[in-house]
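Have a look at the structure below, then the notes.
The values are calculated or read from the model by the stated rules, or taken from the named source; none is laboratory data. The structure displayed is predicted, hence computed values, not measured ones. Don't worry about glycine lacking a Cβ; one is built from the backbone with ideal geometry, like all the others, and counts go over all protein chains shown.
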Amino acid sequence: MPFSHMAIKQKAQELGFNIAGVTRADPSPTLDAYLRWIDADMHGKMGYLARPDRQNRRKDLNVILPDVKSMILVGLDYRTLLLNSQRLKNPSRGRIASYAWGIDYHELMTPRLEQFGQWLQQEAGIEISQRVYVDTGAILERSHAQQAGMGFVGKNTMLIHPQRGSYFFLGEILTTLEFDSYDTPHQPTMCGNCTRCLTACPTDAFPQPFVLDARRCISYLTIEYKGYIDHTLRPLMGNWVYGCDVCQEVCPWQRFSMPTREKAFYADHIDNAAPPLLDLLALTPETFKARYQKSPIYRIKRHRLVRNVCVATGNWGDTSAIPALNALLDDEHPLVRAHAAWALLQIAHDNALPGIKSTYDRETDPEAKADINITLEHYDSD
């Protein structure tokens, strides 16, 4: 006898999830659009998204879990009480996307989904197989969540619930269990003529509605991208040092969002949401670990965070940062050295040239040397 899909909704609520949906484990209806996105290289350097084995999993969920029948999708709100927006935008502070103000959501959601799966096995009365994912599987989860009635996909590519906005995490369970009924897919979009998210993007990362060019996205550049940030994009990044909330903040549907009940997601101090740039420039591997070990920020490691901070500091343009940036010209990581050189030139101009040229002369990493050379060439051309 098929399992009750309403029992799933109730259990999801008991485990603290805010919304849930159940859909058949069919290929995503947006699969072709995703493949076109990959062909256009808009995934940037996230090569794992284009790997043939990952694409095969998206085309057929049986590759992930043989004989899969259903997907259970859950959403967990992460919006917290709003902090003073002027303090967040203060250029002397490094702004962090709101989802990362508290603990790493993987650490909270994965155990709950595993508990969910254990309950499912106990209640099913038959042997079943299942897989649990939180942002880790080769699954077009926003599209599947739309099929499970959990919202529509906005022009900013986010999943938007018409009664709670888009500030929620997604997780899923793939299972060989069949249900007595499945949720009705939500209508594909409810954006109408609104283009606020597209016009607000600081880096023009949306070439058209519903398409995000990751190569220009601040979230991609500060989190996923491991290299040297394009010099033309650096001045557009403002004070964002980890992620970006702009295209969500301006969305009219956010007026319906609810503060999360998960206190672990809250920033207990302004420095959790927008720490002073000078503090971040001074991070060592040891202090970085102590500060961010339980945060999503920890996975990008200290050198990428400080790279981002150098960009934000260059955009800030305050001379008080010069000593810290000068010290970073001798940092152990070439990524930091190169971005510190760029930031110094934005702030100190001609006065920074001797030190940066000396850094260029002694630089042994070819990529860092090439990036510093671009910094000098751009300055000369100005």
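Quick look at the values:
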read-out: Residue match in the range 276-287 (condition: among the small types (Gly, Ala, Ser) and outside any loop (DSSP other than H, G, I, E, B)); value: no
read-out: Test set (1) farther than 21 Å from Ile38 by Cβ; (2) among the hydrophobic types (A, V, I, L, M, F, W, C); (3) in a loop (DSSP other than H, G, I, E, B); (4) touching a strand residue (DSSP E or B) at 6+ places or on another chain (Cβ under 7 Å) - Phe116 fails condition number; value: (3)
read-out: Tally, over the range 212-239, of residues that are aliphatic (A, V, I, L, M), assigned to a loop (DSSP other than H, G, I, E, B) and closer than 19 Å to Gly317 by Cα; value: 3
read-out: Evaluation of Lys263 against (1) under 30 Å from Ser143 (Cα atoms); (2) among the basic types (Lys, Arg); (3) surrounded by fewer than 17 Cβ atoms within 10 Å (Cβ to Cβ); (4) at pLDDT 95 or above (one fails), failing number; value: (4)
read-out: Cβ pairs under 7 Å, 6+ apart, first in the range 249-265 and without any contact (Cβ under 8 Å) to a residue 60 or more places away in the chain, second in a helix (DSSP H, G or I) and buried (at least 20 other Cβ atoms within 10 Å of the Cβ); value: Val250/Cys197
read-out: Selection count where residues are at pLDDT 95 or above, surrounded by 15 or more Cβ atoms within 10 Å (Cβ to Cβ), touching a helix residue (DSSP H, G or I) at 6+ places or on another chain (Cβ under 9 Å) and part of a strand (DSSP E or B), scope the range 156-211; value: 12
read-out: Check on Asp245, without any contact (Cβ under 8 Å) to a residue 12 or more places away in the chain and in contact with a helix residue (DSSP H, G or I) (Cβ under 9 Å, 6 or more places away or on another chain); value: no
read-out: Filtered residue count, the range 337-359, keeping only those that are buried (at least 20 other Cβ atoms within 10 Å of the Cβ) and out of contact with any Ser or Thr (no Cβ under 8 Å at 6 or more places or on another chain); value: 6
read-out: Positions within the range 27-44 being part of a loop (DSSP other than H, G, I, E, B) and surrounded by 14 or more Cβ atoms within 10 Å (Cβ to Cβ), in sequence order; value: Pro27, Ser28, Pro29, Thr30, Met42, His43, Gly44
